[in-house]
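One structure is given below, encoded as structure tokens.
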Amino acid sequence: MTPKIVLEPTEELLTIDECRLHLRVDPLEIDSDDVGTHPDDELIMALQTAAREHCEAFLGLSLVPYTYEVALSSFPADNDGAIELPMGPVTGIVSVTVGTESDALMDPEGYVLDDFSVPNRLLPVGGSWASAVDSTNAIRIIYTAGYEADISDGQTIPKTIVQAIKLLLADWYKHREDTDINDVQIPNGALSLLRPHRIRLGMA
């Protein structure tokens, strides 16, 4: 089940200062607010975003906050009615709707988020779903997912994943003019850091 992105991330995982520090790129210009800039800043941040997205696809995880929607045609009858929610860690359930009627919104008291299972799951309270439905994409679940910068707001991203993104960023920055876009690889050092956190099979 592939989730649809409802809201894209509003902030990146790494700041331009963190990226420059790892790449050993020093600002060449200082503006009136004492903020340094470099001609490659836009490229560096674009590569950082691409590296983060590449790692997300490999891991099956959301490394920054997203809002997703998944759709089902019927509630599962086995495995305690559990619905797996891809691209966790899931931080909250926004809504569950069944059908298009005015009362389609399900009562939050009827379901619970299991954020201990990996991947995270949505479970019916009482062991079975109260509503029965069999119609294409009639069940819609909207949820938020992703690591947070502040541990008080959720899980913080493992430092090994951050380091892997930095390694990938450095590799792409170094070879930015001769990389075959159809043969993008994750460096072996980054792969070693990422594999223990991988949730599902994505790329080799």
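The values are calculated or read from the model by the stated rules, or taken from the named source; none is laboratory data. This one's a predicted model, so the numbers in the text were calculated from it and none came from an experiment. Protein only, heavy atoms only, side chains kept; ligands, DNA and RNA dropped before computing areas. Shrake-Rupley method; radii C 1.70, N 1.55, O 1.52, S 1.80 Å.
The figures follow:
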| quantity | calculated |
| --- | --- |
| Residue-level accessible surface for ASP107, protein heavy atoms, 1.4 Å, Å² | 90 |
| Apportionment of accessible area to carbon and sulfur, the chain, percent (1.4 Å) | 50 |
| THR156, THR49, reordered so the largest accessible area comes first (probe 1.4 Å) | THR156, THR49 |
| Solvent-accessible surface (1.4 angstrom probe) belonging to THR15, in square angstrom, nearest 10 | 70 |
| Solvent accessible area, Å² - LYS166, 1.4 Å probe, full protein context | 50 |
| ³J(HN,Hα), Karplus 6.51/-1.76/1.60, whole Hz, each residue of region 67-79, x for Gly, Pro | 10, 10, 9, 10, 10, 10, 8, 7, 6, x, 9, 9, 6 |
| 1.4 Å probe accessible area per residue over the chain, in Å² | 59 |
| Sequence of SER62, SER74 from largest to smallest accessible area, 1.4 Å probe | SER74, SER62 |
| Long-range amide H partners of VAL64 with built H, under 5 Å | TYR147 |
| Under 5 Å, built H, 5+ apart or other chain: amide partners of VAL133 | PHE75 |
| The chain: relative contact order as a whole-number percent, Cα under 8 Å and 6+ apart | 26 |
| 5 angstrom amide H check on MET106, placed H, neighbours 5+ away | VAL96, THR97, VAL98 |
| Candidate values (i) -0.28, -0.35, -0.65; (ii) -0.23, -0.30, -0.55; (iii) -0.36, -0.44, -0.71, label of the one derived for log10 I(q)/I(0) by the Debye sum over Cα atoms at q = 0.08, 0.09, 0.12 Å⁻¹ | (iii) |
| Computed [θ] at 222 nm, deg cm²/dmol, the chain (DSSP H ≥ 4; -39,500 (n - 2.57); rounded to nearest 500) | -7500 deg cm²/dmol |
| Backbone HN-Hα couplings from phi across region 156-166 [Karplus 6.51/-1.76/1.60, Hz, Gly and Pro as x] | 8, 5, x, 5, 5, 5, 4, 5, 5, 5, 5 |
